[in-house]
Amino acid sequence: MAQQRNSIHGEWSSRWAFILAATGSAVGLGNIWKFPYITGANGGGAFVIVYLLCIVAIGIPIMIAEIMIGRRGRRNPIHTLQLLAEEAGAHPRWRYLGGMGVLAGFLILSYYSVIGGWVLAYVFRTASGVFDEATAEGVETVFQSFVGQPMAQMVWHTIFMIMTMVVVSRGVQSGLEKAARFLMPGLFVLLFILVGYSMTTDSFGDGVRYLFQPDFAALTAKGVLIAMGHAFFTLSLGMGAIMIYGSYLSHNESIVRTTLMIVAADTAVSLLAGLAIFPIVFANNLEPGAGPGLIFQTLPLAFGHMPGGTFFGVLFFIMVVFAAWTSSISLIEPAITWMVERHGLTRPAACIISGVLTWVLGIGTVLSFNDWSDVRLFGKTFFDLLDFLTASIMLPLGGLCISIFAAWVMLRETTLQELAIGNGTVYRSWRFLVRYITPLAVIVVFVSGILNAIGVVTL
Ligand code: PHE
């Protein structure tokens, strides 16, 4: 009986452990670092609306599909897709979809670890008190001189990578689960404190307007593609991370309910981060489109001017480290399970191999902010290219194939049984979404965005 398969890596100890771990995966640099800067680079409100639409119409149905596939297969994404394809009488070549996911996780982790290293460095910068009463120019100088030095970044990148691999090597319950248990609530509290501070600036209204008042003229087809890609990125979808987390989930839990909780928490963190950051941008005449350095230039300013700012600042960056940490472990978990299951490696050995490989690739990202900043491929730096390739291409493509797999390949009875919500409105809406709406939306955004990005059409 297929549904009695077990994962050799064990199971989450409870439903809450799963919710926390999956939320830990979803909430990360994507919410606090990336969402504000891509929103800023794509004009604000209209971008946010498209992103929210994508979360609802694409993110929720695909997350349900991924958890379901993972729990049904209970193997690494490559083997799971092959197993389930065979179970449904389809071609085992569906495993390549899992392979693309494993590769995407590896590529994303290579730059994720570099940015995670920046955050680590900022814990100590903030603690040193350099941001006390700092000016916008002062904060910017600190940031520019930091990213200008490859060596310093390399050290932090190394530390972050080791932290990630140490947790992953300890396995599901004593590694992944433990890391996620107490970190998320703390992050929420600190975000509220920051939003509270933002509200005291005169520019809170400007920030809110920027975030929620759509100016569709500022939005391009490429911006829509980035918003959609971000919906995948922020929910950890399209590459097997949520699938592998689903493979450790007990059969008694409701997939739909847990999905809604994870998505709600993730979206709330992003919007709160935006509400904390944009008022500070406007209050200090900074540029919302400042790029990847945005939070490293706004948050220190806020902390530098609030009472107890050094203390809260240090705490905040520590929380961001934790958020990034609980995400980075899920980026590499699919690759680790594959190496363990398929090649018989031990977890620690698999961690060392993949850690070294990702670390080496990460050097490209480090250099793209200094020595290689003029090296362009398709008009993009190494980091931008890697980000575009993974978040805007591989994840949406992976998500598209996952929804096709769940809706058109897997048998209806199988999905009905896994989701266990009866053949009512909820099931039928989910199935309608993954069958028609999600694939169509991804294809349309995808094709127009790519054409626009490579300059074939200007939209
Ligand atoms: N969701 C994580 C974030 O927002 C990043 C991530 C992407 C993690 C894909 C796992 C898989 O930071």
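The values are calculated or read from the model by the stated rules, or taken from the named source; none is laboratory data. A quick note: this is a predicted structure, and the numbers were derived from the prediction, not measured. Here Cβ is always computed from backbone atoms with ideal geometry, including for glycine, and neighbour counts include all displayed protein chains.
Observations, loosely collected:
- Those residues of segment 232-269 which are among the polar types (S, T, N, Q) and either within 10 Å of the ligand (Cβ to nearest atom) or assigned to a loop (DSSP other than H, G, I, E, B) (or both), in sequence order: 234, 236, 247, 250, 252, 254
Residues are listed down the side, and each one gets a yes or a no for (1) at pLDDT 95 or above; (2) within 16 Å of the ligand (Cβ to nearest atom); (3) part of a helix (DSSP H, G or I):
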position	(1), (2), (3)
325	no, yes, yes
338	yes, yes, yes
341	no, no, yes
351	yes, no, yes
366	yes, no, yes
386	yes, yes, yes
393	no, yes, yes
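- Hits in segment 45-85 - residues which are in a helix (DSSP H, G or I) and among the basic types (Lys, Arg): 71, 72
- Within segment 143-167, considering residues that are of a type in the set (Val, Ile, Thr) and crowded, with 17+ Cβ neighbours inside 10 Å, the one farthest from residue 109 (Cα to Cα): 147
- Total residues in segment 94-139, condition away from the ligand (no atom under 16 Å from the Cβ) and farther than 19 Å from residue 66 by Cβ: 19
- Look at (1) in contact with a Leu (Cβ under 7 Å, 6 or more places away or on another chain); (2) within 27 Å of residue 110 (Cβ to Cβ) and you find that residue 61 fails only one, number (2).
- Exclusive hit being touching a residue at least 40 places away in the same chain (Cβ under 8 Å) and either at positive phi or basic (Lys, Arg) (or both), set 441, 420, 406, 391: 420
- Looking across 279, 307, one residue alone is more than 16 Å from the ligand (Cβ to nearest atom) and outside any helix (DSSP H, G or I). It is 307.
- Output for segment 191-221, where each listed residue is within 16 Å of the ligand (Cβ to nearest atom) and over 28 Å from residue 301 (Cα atoms): none
- Whichever residue in segment 1-32 is among the polar types (S, T, N, Q) and modelled with pLDDT of 90 or more and, among such residues, is surrounded by the most Cβ atoms within 10 Å (Cβ to Cβ): 31
- A single member of 286, 272 is within 30 Å of residue 128 (Cβ to Cβ), within 16 Å of the ligand (Cβ to nearest atom) and surrounded by fewer than 22 Cβ atoms within 10 Å (Cβ to Cβ), and it is 272.
- Segment 222-231: number of residues that are near the ligand (Cβ under 10 Å from one of its atoms) and aliphatic (A, V, I, L, M): 0
- Flag for residue 345 being more than 25 Å from residue 149 (Cα to Cα), in a loop (DSSP other than H, G, I, E, B) and touching a helix residue (DSSP H, G or I) at 6+ places or on another chain (Cβ under 6 Å): yes
- Members of segment 33-70 found to be crowded, with 24+ Cβ neighbours inside 10 Å, more than 16 Å from the ligand (Cβ to nearest atom) and over 30 Å from residue 282 (Cα atoms), listed by number: 61, 64, 68
- Residue check for residue 357: of a type in the set (A, V, I, L, M, F, W, C), free of Cβ contacts under 8 Å to residues at least 12 places away in the same chain and more than 16 Å from the ligand (Cβ to nearest atom): no
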